[in-house]
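Undergrad: There's a structure below that I have some questions on.
The values are calculated or read from the model by the stated rules, or taken from the named source; none is laboratory data. Note that the structure is a prediction, hence the values are computed from the model and not measured. Cβ placement follows ideal geometry from the backbone for every residue including glycine, while neighbour counts extend to all protein chains displayed.
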Amino acid sequence: MKPPPAYPTHLEQRYLRALLQEWRRVNHFQLRDSLKPPAFELSDTEKQLGSWSAATRTITLARALVHGKPWGVVTEVLRHEIAHQYTSEVLCVKDESAHGPAFRDVCERFGIDAKAAGLPAANPEEARVHRRVEKLLALAGSSNRNEAEAAMAEARRQMLLHNLQAPPSNYSWRHLGTPSGRTPAWRRLLSGLLRDHFFVETLWVRVYHVATDRWLTTLEVCGTPGNVEMAEWVHEWLVAQAERLWAIDGKAKGLAGPAEHARYLSGLVRGFEERLKQSATESAKAGLVWVGDPAAKAFVGKRWGRLRSIRFTSSRGDEASNAGFAQGKALVMNKPVAGTTGRSGRQIGMSKG
């Protein structure tokens, strides 16, 4: 049998310290400090992502998970084990299986994944709508500007119709983009664009970066699995388009440097949102108005407990912002949705305890 990989001791210590900090956050903001800190261990097991031992009051996570997966995945497994601890020590449930009714109820109350592995998949109706949207966005690649714009508008209408008519569904989450220490204005504008036009809730959450021993910030989107997938695609598509246009248009206009780059991207996101607002106005004339999904908002509240809003400002009116705004307002979404991200959930070949 191949021996497990050896990890530097100082990284192990950092991870254990970060896991305790994350446990304290969940215990304080969601569980109202109802739990006492457990011991934490890392294990070389290849059979489980994590486990809770009531006898030793220990939460154990797999080293392959902690060292090899994004922090959002690690914390989701940690939350699963915290739910076991809560069931054991607060509810004092002794006569049920580990994943019995009491445990599942705790997971439902606090927005925790109760399954052994994997994120919720889009239901068949969502999948059907997204195949239709994919075909429309492929048509939006037409060299005929009018045809391209009509295809994008119809794709948006199909998404809006589905979300207005869809029955209650399960909810999922995903982290988008690269975590950073300071979130630029254009990324916050993009967060608002996804929230207001693509049927997801957005918030900024902390993730741990072991190499620098720092807590960074990343964007989390929550919603039905199909909407989360769509939001991820739009996010990646718009960032790629923004960087491509900056490289071409920015150079042509003599723009350069980090400050003008940031203003250009802010302008571009605002320009694309202006385009989406025009589409929303046309839908409203037809009686189709999206006012949000209360169940998705409730899911975010379960996952994170108490939240706070942050105000921010972005520059506008300068040459870089105006140039980006013009390019953003002319953008047409024109690539298929399915298969662009290459991601299929967070399974890593083990189960959670």
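Undergrad: Have a look at Asn146, Asn163 and point out the one that is free of Cβ contacts under 8 Å to residues at least 12 places away in the same chain, part of a helix (DSSP H, G or I) and either touching a helix residue (DSSP H, G or I) at 6+ places or on another chain (Cβ under 7 Å) or not basic (Lys, Arg) (or both).
TA: Asn146
Undergrad: Taking Thr60 as the residue in question, decide whether it is farther than 22 Å from His209 by Cβ, modelled with pLDDT of 95 or more and either of a type in the set (Ser, Thr, Tyr) or in the same structural domain as Arg306 (by TED's automatic domain parsing) (or both).
TA: yes
Undergrad: If I filter the stretch 81-100 for residues that are in contact (Cβ under 8 Å) with a residue 12 or more places away in the chain, in contact with a Ser or Thr (Cβ under 8 Å, 6 or more places away or on another chain), farther than 14 Å from Pro38 by Cα and not in a loop (DSSP other than H, G, I, E, B), do I get at least one hit?
TA: no
Undergrad: Right, next: Residue by residue through the stretch 170-197, note down the ones that are without any contact (Cβ under 8 Å) to a residue 60 or more places away in the chain, more than 13 Å from the chain's Cα centre (by Cα) and not in a helix (DSSP H, G or I).
TA: Those that are without any contact (Cβ under 8 Å) to a residue 60 or more places away in the chain, more than 13 Å from the chain's Cα centre (by Cα) and not in a helix (DSSP H, G or I): Asn170, Ser180, Gly181, Arg182, Thr183.
Undergrad: Please work out if Lys302 is in contact with a helix residue (DSSP H, G or I) (Cβ under 9 Å, 6 or more places away or on another chain) and closer than 19 Å to Gln327 by Cα.
TA: Judged against the criteria, Lys302 is not a match.
Undergrad: Surrounded by fewer than 19 Cβ atoms within 10 Å (Cβ to Cβ), touching a Phe, Trp or Tyr at 6+ places or on another chain (Cβ under 9 Å) and of a type in the set (S, T, N, Q): does that describe Thr217?
TA: yes
Undergrad: List pairs: first residue in the stretch 221-233 and charged (D, E, K, R), second residue modelled with pLDDT of 90 or more and assigned to a strand (DSSP E or B) anywhere in the structure, Cβ distance under 6 angstrom, at least six positions apart or on different chains.
TA: Listed pairs, sorted by first residue: Glu232/Arg174; Glu232/Leu176.
Undergrad: Right, another one. Given the residues Gly72, Gly68, which is the only one that is among the small types (Gly, Ala, Ser), within 22 Å of the chain's Cα centre (by Cα) and closer than 24 Å to Val300 by Cβ?
TA: Residue meeting the stated conditions: Gly72.
Undergrad: Quick one: how many residues across the stretch 25-56 are buried (at least 17 other Cβ atoms within 10 Å of the Cβ), in a loop (DSSP other than H, G, I, E, B) and touching a strand residue (DSSP E or B) at 6+ places or on another chain (Cβ under 8 Å)?
TA: 2
Undergrad: Further, regarding this structure: Considering only residues that are aromatic (Phe, Trp, Tyr) and within 18 Å of Ser266 (Cα to Cα), which ones fall in the stretch 149-200?
TA: Within the stretch 149-200, Trp186 is the sole residue that qualifies.
Undergrad: Can you name the residue in the stretch 75-85 that is of a type in the set (D, E, K, R) and more than 16 Å from the chain's Cα centre (by Cα) and, of all such residues, is surrounded by the fewest Cβ atoms within 10 Å (Cβ to Cβ)?
TA: Here the answer is Arg79.
Undergrad: Shifting gears a bit: For Val228, indicate whether it is touching a strand residue (DSSP E or B) at 6+ places or on another chain (Cβ under 7 Å), in a strand (DSSP E or B), of a type in the set (A, V, I, L, M) and surrounded by 16 or more Cβ atoms within 10 Å (Cβ to Cβ).
TA: No.
Undergrad: Got at least one residue in the stretch 265-282 being part of a helix (DSSP H, G or I) and either touching a Cys at 6+ places or on another chain (Cβ under 8 Å) or among the β-branched types (Val, Ile, Thr) (or both)?
TA: Yes, the conditions are met somewhere in the stretch 265-282.
Undergrad: Of the residues Trp233, Trp215, Trp237, Trp246, which single one is at pLDDT 95 or above, out of contact with any Gly (no Cβ under 7 Å at 6 or more places or on another chain) and not in a strand (DSSP E or B)?
TA: Selected residue: Trp246, the only one of Trp233, Trp215, Trp237, Trp246 that is at pLDDT 95 or above, out of contact with any Gly (no Cβ under 7 Å at 6 or more places or on another chain) and not in a strand (DSSP E or B).
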